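Trainee: Before anything else, here's the structure in question.
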């Protein structure tokens with residue numbers, strides 16, 4: 001094959017042999033091929049899923065979206081029925097919805113799972129205070145103040161101390 005180009009006359013010459021050689025085909029033996037295995041689907045562990053649901057419910061509670069918070073904590077409770085903090089948090093949401101009997105039921109369940117969960121005592125104390133049961137309110141709020149972690153749960157501690165102070169006046 002021959003190609004020439006003359007830039008002065010703007011002409012191109014192309015000539016090819018009359019016989020074009022055919023490419024050589026090499027026969028490849030068929031060998032068994034491995035199909036790539038499907039990548040393992042990432043499924044969250046129950047603990048990670050619980051953490052996600054708990055954080056979702058907690059964020060809804062903080063945003064004062066109490067009904068949605070109840071729903072998130074209810075889903076968490078269905079998946080992890082022995083998680084005290086889920087009952088405590090749903091009880092807190094019920095408290096803010098003024099559904100005190102449901103709140104008490106959840107808070108008492110939380111106490112059967114973890115007696116030292118300070119927030120449980122806080123919300124029980126607030127319910128007793130609302131109901132006018134000052135002696136029980138004082139007992140629960142004092143337990144809350146003693147049990148709530150001062151760094152991790154500063155807001156709950158502030159509420160418990162304030163409610164306890166109001167009872168003393």
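Trainee: Which condition does residue 33 not pass, out of (1) surrounded by fewer than 10 Cβ atoms within 10 Å (Cβ to Cβ); (2) at pLDDT 90 or above, if it passes all the others?
Mentor: Here residue 33 clears every test but (2).
Trainee: Out of the stretch 116-125, which residues are under 16 Å from residue 103 (Cα atoms) and surrounded by fewer than 23 Cβ atoms within 10 Å (Cβ to Cβ)? Full working, then the answer.
Mentor: Here is the first cut: in the stretch 116-125, the residues under 16 Å from residue 103 (Cα atoms) are 117-125.
Correct list: 117, 118.
The values are calculated or read from the model by the stated rules, or taken from the named source; none is laboratory data. Owing to the predicted nature of the structure, the values given are computational and were not obtained by experimental measurement. Every residue, glycine among them, receives a Cβ derived from its backbone with ideal geometry; neighbour counts consider all protein chains shown.
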